[in-house]
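Written below as structure tokens is the structure these notes are about.
The values are calculated or read from the model by the stated rules, or taken from the named source; none is laboratory data. What you see is a predicted model; the values in this text were computed from it and never measured. With ideal geometry, Cβ positions are generated from the backbone for all residues, glycine too; neighbour counts draw on all protein chains shown. These area figures cover heavy atoms from the full protein model, side chains too; ligands, DNA and RNA do not enter into them. Shrake-Rupley method; radii C 1.70, N 1.55, O 1.52, S 1.80 Å.
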Amino acid sequence: MQYIRLRDLTVSALGLGCMGMSHIYTGHKQADKESIRTIHRALELGVTHFDSAELYGPFKNEVLLGTALKGRRDQVVVTSKFGLVSHVGNAGPLDSSAANIRAAVEGSLTRLDTDYIDLYYQHRVDKSVPIEDVIGTLKELVTEGKIRHIGLSEAGPDTIRRANAVHPITALQSEYSLWTRDGDDGTLDLLKELGIGFVPYSPLGRGLLTGKIRSLDQLDKDDWRLSNPRFMDGALEKNLLVLEEVEAVAKEAGATLSQVALAWLLSKGDDWSPIPGTIRISHLEEDLLAVDVKLTPEHIAALDNVTQPVGEHHTAAQMKLFDRENTIKDQRGD
């Protein structure tokens, strides 16, 4: 494993997104002991960056992660998120009020069985609460020792700049992959300017970029992806054809699709830590070998220019929670 810095926080170059072990994807109902085995294998292979959120389950994923890391807490960076669950009676989908943040962090600390959270993200920007007030509350939690670093998720440039003026932001977490390039709207340039690290989630396109999903029949009936535009209305079949461009690069590089997709991300910055998720040890081991894949400049150029998939990466309703201008856009560029 290799290690990088998100601002001044050292993490493994590849982390482990734990959401799918407890939430919305096929396999999330597997016995916790199997997921714990996967987390333990990640530790053996040098992973130190583990990503969770109170929303995942809800709540179950933090309990799972806390259980898996028992006795190993000082070896890892634990992240979690707040703001998409209200503990103070807010009826809306977002709640970043000071009272809710404080209730959320106490719950997460208990479930994770820890005294502090290394990196605590606002899960989505709540425009009803000025970001300066949100970061002010999180700054207090840093002073109190309950969290050590502050992060944002799916925040846009203006919010990031304003937040960073109140307290240094350690990392932005947003969806980014060969097939999702929202950050190219200037957000990634701003992160570089401000010294903020980047944590791409869904770096394997929710499984599409692995090449292992060939039919919707492989997904459980309650799998969230069945409502995702890239899997619906014949889009999956079309996207499998688009994937052939990545397959060609993978063949030349002597690597798997997953490894090439992750290696491409790692080539983009020395302060990027993608967090692929999996419930299977075999997939974990495959993914982590991406740190050893050597992509040539020609490979990177080809991947930079791969045809974008059919369908948005979220529904229109979900995209409304993203803090960006022009979030509903044609990924194909036409």
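General observations
- Unmet criterion (only one of (1) more than 15 Å from the chain's Cα centre (by Cα); (2) open to solvent by 30 Å² or more (accessible area, probe 1.4 Å); (3) closer than 30 Å to Asp292 by Cβ) for Tyr25: (1)
- Filter result (in a loop (DSSP other than H, G, I, E, B) and buried (at least 16 other Cβ atoms within 10 Å of the Cβ)) within the stretch 62-75: Leu69
- Leu241 vs. criteria over 25 Å from Gln2 (Cβ atoms) and buried (at least 16 other Cβ atoms within 10 Å of the Cβ): no
- Residues in the stretch 33-42 that are surrounded by 15 or more Cβ atoms within 10 Å (Cβ to Cβ) and within 13 Å of Asn61 (Cα to Cα): Ser35, Ile36, Ile39.
- No other residue among Arg111, Arg72, Arg124 is closer than 30 Å to Gly46 by Cβ, modelled with pLDDT of 95 or more and in contact with an Asp or Glu (Cβ under 8 Å, 6 or more places away or on another chain) apart from Arg111.
- Residue pairs meeting the criteria (Cβ under 9 Å; at least 6 apart or on separate chains; first touching a residue at least 60 places away in the same chain (Cβ under 8 Å) and farther than 16 Å from Gly211 by Cα, in the stretch 255-272; second open to solvent by 20 Å² or more (accessible area, probe 1.4 Å) and of a type in the set (Gly, Ala, Ser)): Asp271/Gly195
- Subset tally (residues that are among the hydrophobic types (A, V, I, L, M, F, W, C) and over 18 Å from Asp270 (Cα atoms)) for the stretch 141-190: 11
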